[in-house]
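Everything below concerns the one structure shown next.
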Amino acid sequence: MKDVAFIELKTTGHGVLEMPSGTGKTISLLSLIVAYQKAFPLEVTKLIYCSRTVPEIEKVVEELRKLMEFYSKQTGESNNFLALALSSRKNLCIHPEVSALRFGKEVDGKCHSLTASYIRAQRHSTPDVPVCRFYEEFDAVGRQVPLPAGIYNLDDLKDFGRRKGWCPYYLILHANIVVYSYHYLLDPKIADLVSKELAKNSVVVFDEAHNIDNVCIDSMSVNITRRTLDRCHTNVDTLQNTIQKIKETDAAKLKMEYRRLVEGLKEANVARETDVYLANPVLPDEILKEAVPGNIRTAEHFVGFLKRFLEYLKSRLRVQHVVQESAPQFLKDIFDKVCIDRKPLRSVSATLSYFYSFTIIIEPFEDRTPTIANPVLHFSCMDPSIAIKPVFQRFQSVIITSGTLSPLDIYPRILDFRPVTMASFTMTLARTCLCPLVCNYPQTHTFKNTLTLTLVDSVIRNYGNLLLEMSAIVPDGIVAFFTSYVYMENIVASWYEQGILENIQRNKLIFIETPDAAETSMALEKYQEACENGRGAILLSVARGKVSEGIDFVHHFGRAVIMFGVPYVYTQSRILKARLEYLRDQFQIRENDFLTFDAMRHAAQCVGRAIRGKTDYGLMIFADKRYARADKRGKLPRWIQEHINDGSLNLTVDEAVQLSKHFLRQMAQPFRQEDQLGLSLLTLEQLESEEMLQKIAKIAHQT
Amino acid sequence: MSSLSEEVLLVVKKVRQRKQDGTLYLMAERIAWGPEGKDRFTVSHLYADIRCQKISPDGKAKIQLQLVLHTGESTTFHFSNESSALKDRDAAKELLQQLLPKFKKKANKELEEKNRMLQEDPVLFQLYKDLVVSQVISADEFWANRLGDINNADPTSSNNKQEVGISGAFLADIRPQTDGCNGLRYNLTADIIESIFRTYPAVKEKYSENVPHNLTEKEFWTRFFQSHYFHRDRINTGTQDIFSECAKQDEKGLKSMVVQGVKNPLVDLLSLEDKTLDEGYGFCKTFPSTSNSNRTVKESSNSAIIKRFNHHSAMVLAAGSRKGETPADHASETSSTDGNSRDSDFFQPPVKKVKLQEVIEYEDLQRENRPKTVALNLKKSDRYAHGPVPLQSQHYTTSQDIINSVNYIRHEMLNYKPNLTQVLSSTTASSAIAALSPGGVLMQAATQQAINQMVPTEVQGELKHLYAAAGELLRHFWSCFPVNTPFLEEKLTGHLEEMLQTAYRKFHIWQTRRMLRKT
């Protein structure tokens, strides 16, 4: 591991790493990069660590804190590293009223209304306009004062802010290590604000990156509904009125403002050329050079232009049938209908310049409810490499890592980069703590053209029996994943009718994921409570759902994971179809390959939730015989794959129960430090011994 | 009997008991029955002794009431007054229903305690059988220092017994049975009713509101089972259904639970995402229009089931932990109410910190710092490991000897230099190998039988019991020292001696029996 990453840092290239979770992926990357940073402070100035969820971000910072504590304990000197976590206002606000709001949107809105420049300007004249005292304080004093060196988690930032009376969100930071969410680097709308000043010789780590292509695509895609357009319309109207008003009072000022805007754009271009900022992926340099075309240079023209465009979009949404077209077609259509040329549009929404990677789909209604008109215009990006390209181009080393990245070679292909190293590590285990079993269920359902499911009754009953049997033998928590929410709903209903759920209730309590996040959170907490107090519980959940992506089921919270079916994505979605086509044409990735890859990474994600380290143990039950096929099996991560032997394939319920019983009994024995020493746990002497060094070298060569 | 001073609460005439007519009296502390024409009671039970009452089913010809005592005996009363038998019985039943619980608490606690101890501890039970039932020592003496021990050591343990939780499947346990004529019968027991009440406080409220003023108990439960509330997948609600309100209340409860949010930040899905942009920018995977209107009936009933299951599980869980955690709950509630103010931040971090620490800590990397236990100091560890070994005339080697010799041999081997001029002949070598391989002459001694395999299990069991009983007696014996009261002296010289004799006799009997069996 260290060798591989080291090569990468040396050669300043990019890399892909797969390592089972809980084996210290984060800490080894952190310690390595920090060590490098200390040794060559000029070569690597900054580490940018991107993770997926807020708890994960905080986890990374805590690990870093431990590392730094270790450093100062070993060297005896306090180091001057500054590391911090960044997050949205919602997680950082310390204003008593604003931070009480529950939704990020509300917090943002309220914050704006307290700190926007025009509000603060108003306050000078009328002092009873409320403002945020933390921001005021920060603005008055805090801007020039740098943050003292140390490790700051979100809460520490808040504490610091509170002590000083400064708003932590606005603390401008020049840290050695920054930990934040993907979006801050990938989403052009946010990245422009947050990340553009990051130095070129930084190291970027994307942790939990198995979904990075979807994040990229999400960040580059837009859905427009009628509601969006309506609101847009009102906003444009307001703008128009304001302009009218200002024009009447102060025409000169307006012109000034407008000129400044144009100047600003030009300056940005210059800055980008001299490589001061992170390039905006949506705005290539040549386009900026053209600056703003003449016909939208004045305010009225601009507004008029917006209106025309808006009307056009509205008219497009009035369609009765599904439309799919490529970006060039779309532009041509605009030109024909409302006489908007391609050029001005380009600078307004520069995304279109990559138009070959985009597609436009207009759906007049949802598939499930063809009678209710709910038109949506999907403007969807199909090439994940667009969003991530500037990251690869700008930073010297980018490391993509996760517990489940198999097959490794597909990521460089779809993200369009050339990695220096690619490695998949497995766990060295003192005991076989994971037990993957594949049950011999046939394919259970087929998606017809609509979302109606064809469910095979006998298989549902079999699934139920499997769950029932497992609930009787597995201690504490079981997590079961279904392939989709609709599917789960139907199965739960038929289990209820067949009385299977009642029987399961005799063994364990049942909790079920719902589409509502708050409700699911509650169910999750209760689930954990039930596992804690020994009653035991079952959580029914959905692959690709929030639970499968963000929640870990450590130790007794997940002693068994059951994956019912193969979590293929809903293939009838037009967006997906378009993307598949694009993949086939541009990257020569066959549809089926991609679908299987996608399904397997989600399956691996789901079952991987239960094993969070080598002291943990858990059953992984794949209840679908398709998993036994080589093309599916081969796409599971190596650390799971190597434990699937022929004996654990194609099992009946009884056989699976027997194997599980055996496994669980073995695992329940006390597992002590001594058992691991020399195998999966090394003392310093052992680590430095000749034998071990050879072994490590061997592993490194293999990968 | 001195019943004159007692307050008589109810008198029922024409009650038969053992085919004799008589009168039933319900008094303040006991229930009694006297045959007609006589002024004494032949049957008299203190309420405290009564475990429960049972009544004959409604349709039966004989209208009876049965009292089951703690001892297991039972007494049946037959109400034979033709005109008012049913009324009489119900009156008696109602009164008993009110009286019994009062006395239940007063019921012989000590007896119960003893009973419980015997039930929970099989070893003790065996000891009790060996010593008390076979009359080696008296029951009082047996309990004398037992109970004392327990009560002194842990006075709260007996009263503060752990609350029994509720089975998650209690509703599944009331499987309806068809009664042949297009109806369903549900068997309810007191336990199930209690489970229902504890899990669904709303139903309990309804019960206390309606029973017995508006509905009889039976009607209440009939309606309960009929209502959609029990059949969770049905949505058509009768408007005058008393339980529809319960459902609403449950919904409210569920909602408030959801609104309260979760304490553990690691499972809070709402704050998982760190993305400031809203829907409309980028794909939002959940399509906005999933309002109830455009969902089919089937779908919404499905999601109703799911909701119910979550709620049910949460309620069962809460019912289990409600009692013990009320103070803690209050504390957290108060703090969460003002948690919405700016205090929330001061309050939250500890929970969060602890959880985060938990997550990033690897227990196997931690130095073990649990309290040091005392290592077992064995003089002859091999005796501890192998148990008694039949004595044999051969030389006895301890493990230390073996280790020494192994070390010695290893040492020898290290310094071994082949002396090829003086090797064995091949025949002697092969015979030596034959002698040393399994089944060979020299390997036979190794297949010694352990003593525990030589003795049949029942003899072993008996010996164990005798051993335990003798141990108990010895405990009694030693507990008499120092002899500072005449009672102890008497105990020591008098019957303890006798007891030991008895025990010894028992041992002797066993010994002879064993010998007999052997021959």
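The values are calculated or read from the model by the stated rules, or taken from the named source; none is laboratory data. In this text, all values refer to a predicted model and were calculated from it rather than measured experimentally. Counting neighbours? That spans all protein chains shown, and the Cβs are built from the backbone with ideal geometry, glycine included.
Computed values, structure above
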| read-out | value |
| --- | --- |
| Scan of the stretch A:472-516 for residues that are part of a helix (DSSP H, G or I), within 33 Å of the chain's Cα centre (by Cα) and either within 10 Å of chain B (Cβ to nearest Cβ) or of a type in the set (A, V, I, L, M, F, W, C) (or both), ordered by number | A:TYR485, A:VAL486, A:MET488, A:GLU489, A:ASN490, A:ILE491, A:VAL492, A:ALA493 |
| Residue in the stretch A:90-104 that is surrounded by the fewest Cβ atoms within 10 Å (Cβ to Cβ), counting only those that are more than 9 Å from every other protein chain (Cβ to nearest Cβ) and under 16 Å from A:VAL54 (Cβ atoms) | A:LEU92 |
| Residues within the stretch A:196-210 that are under 20 Å from A:PRO384 (Cα atoms) and crowded, with 20+ Cβ neighbours inside 10 Å, tallied | 7 |
| Selection from the stretch A:529-570 of residues that are at the interface with chain B (Cβ under 8 Å from one of its Cβ atoms), out of contact with any Ser or Thr (no Cβ under 6 Å at 6 or more places or on another chain), outside any loop (DSSP other than H, G, I, E, B) and buried (at least 24 other Cβ atoms within 10 Å of the Cβ) | A:ALA530, A:ALA537 |
| Residue within the stretch A:412-419 that is acidic (Asp, Glu) and away from every other protein chain (no Cβ under 13 Å) present | yes |
| Leading residue by the ranking (modelled with the highest pLDDT) among those in the stretch A:196-229 that are more than 14 Å from chain B (Cβ to nearest Cβ) and over 17 Å from the mean Cα position of the chain (by Cα) | A:VAL203 |
| Only one of B:LEU10, B:LEU69, B:LEU96, B:LEU118 that is in contact with a Leu (Cβ under 8 Å, 6 or more places away or on another chain), under 30 Å from B:ALA139 (Cβ atoms) and either buried (at least 17 other Cβ atoms within 10 Å of the Cβ) or of a type outside the set (Val, Ile, Thr) (or both) | B:LEU118 |
| A:SER521 vs. criteria within 30 Å of the chain's Cα centre (by Cα) and modelled with pLDDT under 85 | no |
| Qualifying residue in the stretch A:146-153 (condition: surrounded by 14 or more Cβ atoms within 10 Å (Cβ to Cβ), within 12 Å of chain B (Cβ to nearest Cβ), touching a Leu at 6+ places or on another chain (Cβ under 9 Å) and not acidic (Asp, Glu)) | yes |
| Members of the stretch A:96-121 found to be out of contact with any helix residue (DSSP H, G or I) (no Cβ under 6 Å at 6 or more places or on another chain) and closer than 16 Å to A:GLU136 by Cβ, listed by number | A:PRO96, A:GLU97, A:HIS112, A:SER113, A:LEU114, A:ALA116, A:SER117, A:TYR118, A:ILE119, A:ARG120, A:ALA121 |
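Conditions (1) among the small types (Gly, Ala, Ser); (2) in contact with a Lys or Arg (Cβ under 7 Å, 6 or more places away or on another chain); (3) at pLDDT below 85, marked per residue:
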{"position": "A:ASP457", "(1), (2), (3)": "no, no, yes"}
{"position": "A:LEU467", "(1), (2), (3)": "no, no, no"}
{"position": "A:SER471", "(1), (2), (3)": "yes, yes, no"}
{"position": "A:VAL474", "(1), (2), (3)": "no, yes, no"}
{"position": "A:THR483", "(1), (2), (3)": "no, no, no"}
{"position": "A:LEU509", "(1), (2), (3)": "no, yes, no"}
{"position": "A:ALA517", "(1), (2), (3)": "yes, yes, yes"}
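Here's the yes/no breakdown for (1) more than 14 Å from chain B (Cβ to nearest Cβ); (2) in contact with a Phe, Trp or Tyr (Cβ under 8 Å, 6 or more places away or on another chain); (3) small (Gly, Ala, Ser); (4) in contact (Cβ under 8 Å) with a residue 60 or more places away in the chain:
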| position | (1), (2), (3), (4) |
| --- | --- |
| A:ARG65 | no, no, no, yes |
| A:ALA83 | yes, yes, yes, yes |
| A:GLU106 | no, no, no, no |
| A:GLN122 | yes, no, no, no |
| A:ARG133 | no, no, no, no |
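Yes or no, residue by residue, for (1) more than 28 Å from A:ARG413 (Cβ to Cβ); (2) in contact with a helix residue (DSSP H, G or I) (Cβ under 8 Å, 6 or more places away or on another chain); (3) crowded, with 21+ Cβ neighbours inside 10 Å; (4) at pLDDT below 80:
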{"site": "A:VAL16", "(1), (2), (3), (4)": "no, yes, yes, no"}
{"site": "A:PRO41", "(1), (2), (3), (4)": "yes, no, no, yes"}
{"site": "A:CYS50", "(1), (2), (3), (4)": "no, yes, yes, no"}
{"site": "A:SER78", "(1), (2), (3), (4)": "yes, yes, no, yes"}
{"site": "A:ALA85", "(1), (2), (3), (4)": "yes, yes, yes, no"}
{"site": "A:SER88", "(1), (2), (3), (4)": "yes, yes, yes, yes"}
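For (1) out of contact with any Ser or Thr (no Cβ under 7 Å at 6 or more places or on another chain); (2) at pLDDT 75 or above, each residue gets a yes or a no:
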site	(1), (2)
B:GLU209	yes, yes
B:PRO212	yes, no
B:GLU217	yes, yes
B:SER227	yes, no
B:ARG232	yes, no
B:SER244	no, no
B:ALA247	yes, no
